[in-house]
Each structure stands twice: as C-alpha cells, then as structure tokens.
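Student: This is the structure I have questions about; it appears just below.
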Amino acid sequence: MAKQAKIENLGNGFPSIGDYVQGGGQLYRVVSLGEILTGPDRIRAEVESADWSDCAEGDEFPGRVVLEPTASEIEREAIETEVRLALIDEASERAMGV
C-alpha cells in the first residue's frame with residue numbers, strides 16, 4: 001500500500017519513479033512524485049515499503065524518506081495530547097488544593 005511521504009534532497013537531486021530510497025532504517029520504492037518543496041529541498045511522493053533484497057547494495061537513491069502522518073495518527077496524537085493536558089490540569093488543581 002502506498003504511503004504519502006516527503007523525500008529530502010541530500011545533494012543529488014530527486015529520485016525517479018521506481019527508485020529505492022531509505023528512511024528510518026526502512027527501504028521504500030518511489031511510486032509517484034509530486035510537488036517540489038523548498039527550504040530544505042524536498043519533493044512530495046508516494047512510496048511503498050520494499051524489501052532490502054529488492055535493491056542491489058549501493059543502488060538506493062541517496063535521499064531520505066520522511067513519511068507523512070495519516071489522519072488516524074494525527075487524531076490519535078490529538079487525543080493523547082488532550083488527555084495529557086487534562087491530567088496536568090487535574091494535578092495542578094490538586095496541588096493548589098482546589
């Protein structure tokens with residue numbers, strides 16, 4: 001399944017569709033490319049997980065994949081933040097004797 005990502009340019013331009021690029025110890029294959037972003041140079045892309053055996057050693061493109069969070073990951077993080085803030089408020093009220 002393809003995942004939304006940004007691929008960082010590490011000084012060698014951007015990969016092509018079908019290239020292998022690593023990120024966070026995982027290997028990905030570029031499925032599609034999108035908008036180029038500046039500062040630092042990145043390109044939007046869709047990538048899919050690949051097995052290291054799919055790519056000959058040294059043939060991976062010298063860039064770095066940074067996966068975009070999914071909507072469910074963003075929602076989960078928002079809920080976790082809300083819970084943490086509620087716990088902090090509760091602890092503050094107890095400390096003040098409220």
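Student: Give the range 1-34 a look and list any residue that's under 17 Å from GLU68 (Cβ atoms) and over 16 Å from the mean Cα position of the chain (by Cα), or say none.
Tutor: If the condition is that a residue be under 17 Å from GLU68 (Cβ atoms) and over 16 Å from the mean Cα position of the chain (by Cα), then PHE14, PRO15 are the ones that fit.
Student: Of the residues in the range 1-10, how many are of a type in the set (Asp, Glu) and part of a loop (DSSP other than H, G, I, E, B)?
Tutor: Total satisfying the criteria: 0.
Coordinate-derived values only; no laboratory data. These numbers come from a predicted model, not from an experiment. Virtual Cβ from ideal backbone geometry, glycine too; neighbours counted across all protein chains shown.
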